[in-house]
Amino acid sequence: MANTYTISDLAQEFDLTTRAIRFYEDMGLLEPERSGPGGRNRVYSARDRTRLKLTLRAKRLGLSLTEAKDLIDMYDSPRDTVPQLKKFLVVLAEHRQQLESQLADLEATLDEVKTHEKETRSLLSKANKATVSG
């Protein structure tokens, strides 16, 4: 039989809660088989494990779960890979642009903080000199 995994196996391997894995399942990212009484036990396939790994990689890249699902579903389909790769490039370009914008905002905020720190140190230095000489 092919490799299968329990929800606990995947949770431990990927350092996730079982709740997070069930959430990914609810989003349609994972499709485990059901076994046991009333189908209570989830049995994840190697495909589910790979999809979970790709989902987590997409999250690290800043993709939404919907974007991740779209991309992963494209890779699951037997279609030509050229449209898939083009779509992935578009998604990556959008996220790069978003991250660069966020980085610029952060750099501007850091510059502002540095300016306030410098001004505050100057005021503190003047206040200390006034206290010492006064």
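Which residue is surrounded by the fewest Cβ atoms within 10 Å (Cβ to Cβ), if the candidates are limited to the stretch 16-59 and must be part of a loop (DSSP other than H, G, I, E, B) and in contact with an Asp or Glu (Cβ under 7 Å, 6 or more places away or on another chain)? Write out each step before concluding.
If we filter the stretch 16-59 for residues that are part of a loop (DSSP other than H, G, I, E, B), which is where we start, we get 16-17, 27-32, 36, 40.
Still in the running and in contact with an Asp or Glu (Cβ under 7 Å, 6 or more places away or on another chain): 30-32.
Working: Leu30: 22, Glu31: 12, Pro32: 19.
Restricting to residues being part of a loop (DSSP other than H, G, I, E, B) and in contact with an Asp or Glu (Cβ under 7 Å, 6 or more places away or on another chain), the top hit is Glu31.
Residue check: is Ala130 part of a helix (DSSP H, G or I) and surrounded by fewer than 10 Cβ atoms within 10 Å (Cβ to Cβ)? First the steps, then the outcome.
Working: part of a helix (DSSP H, G or I): yes; surrounded by fewer than 10 Cβ atoms within 10 Å (Cβ to Cβ): yes.
Taking the combined requirement at face value, the residue satisfies it.
Residues of the stretch 20-45 being within 13 Å of Leu65 (Cα to Cα), out of contact with any strand residue (DSSP E or B) (no Cβ under 7 Å at 6 or more places or on another chain) and in contact (Cβ under 8 Å) with a residue 12 or more places away in the chain, which ones? Explain how you work it out, then say what you get.
If we filter the stretch 20-45 for residues that are within 13 Å of Leu65 (Cα to Cα), which is where we start, we get 20-21, 23-30.
Subset that is out of contact with any strand residue (DSSP E or B) (no Cβ under 7 Å at 6 or more places or on another chain): 20-21, 23-29.
Across the stretch 20-45, the qualifying residues are Ile21, Tyr24, Glu25, Met27, Gly28, Leu29.
Can you tell me which residues in the stretch 15-74 are of a type in the set (D, E, K, R), touching a Leu at 6+ places or on another chain (Cβ under 8 Å) and under 22 Å from Gln97 (Cα atoms)?
Narrowing the stretch 15-74 to residues of a type in the set (D, E, K, R): 15, 19, 22, 25-26, 31, 33-34, 40, 42, 47-49, 51, 53, 57, 59-60, 67, 69-70, 73.
In the following step, the residues that additionally are touching a Leu at 6+ places or on another chain (Cβ under 8 Å) were identified as 48-49, 51, 59, 69.
Within the stretch 15-74, Lys59, Lys69 qualify.
Looking at Leu30, is it among the hydrophobic types (A, V, I, L, M, F, W, C), more than 16 Å from the chain's Cα centre (by Cα) and in the same structural domain as Ile7 (by TED's automatic domain parsing)? Before the answer, list the steps.
Numbers: among the hydrophobic types (A, V, I, L, M, F, W, C): yes; more than 16 Å from the chain's Cα centre (by Cα): yes; in the same structural domain as Ile7 (by TED's automatic domain parsing): yes.
Yes, satisfied.
Return only the number of the condition from (1) in a helix (DSSP H, G or I); (2) surrounded by 13 or more Cβ atoms within 10 Å (Cβ to Cβ) that Glu13 does not satisfy.
(2)
Name the residue, out of Thr66, Thr109, Thr115, Thr120, that is surrounded by fewer than 16 Cβ atoms within 10 Å (Cβ to Cβ) and within 18 Å of the chain's Cα centre (by Cα). Don't jump to the end; show me each part of the working.
Numbers: Thr109 fails: within 18 Å of the chain's Cα centre (by Cα); Thr115 fails: within 18 Å of the chain's Cα centre (by Cα); Thr120 fails: within 18 Å of the chain's Cα centre (by Cα).
Step by step, each of Thr66, Thr109, Thr115, Thr120 is checked, and only Thr66 is surrounded by fewer than 16 Cβ atoms within 10 Å (Cβ to Cβ) and within 18 Å of the chain's Cα centre (by Cα).
The values are calculated or read from the model by the stated rules, or taken from the named source; none is laboratory data. Since this is a predicted model, take the numbers as computed values, not measurements. Cβ: placed from backbone, ideal geometry, glycine included. Neighbour counts: every protein chain shown.
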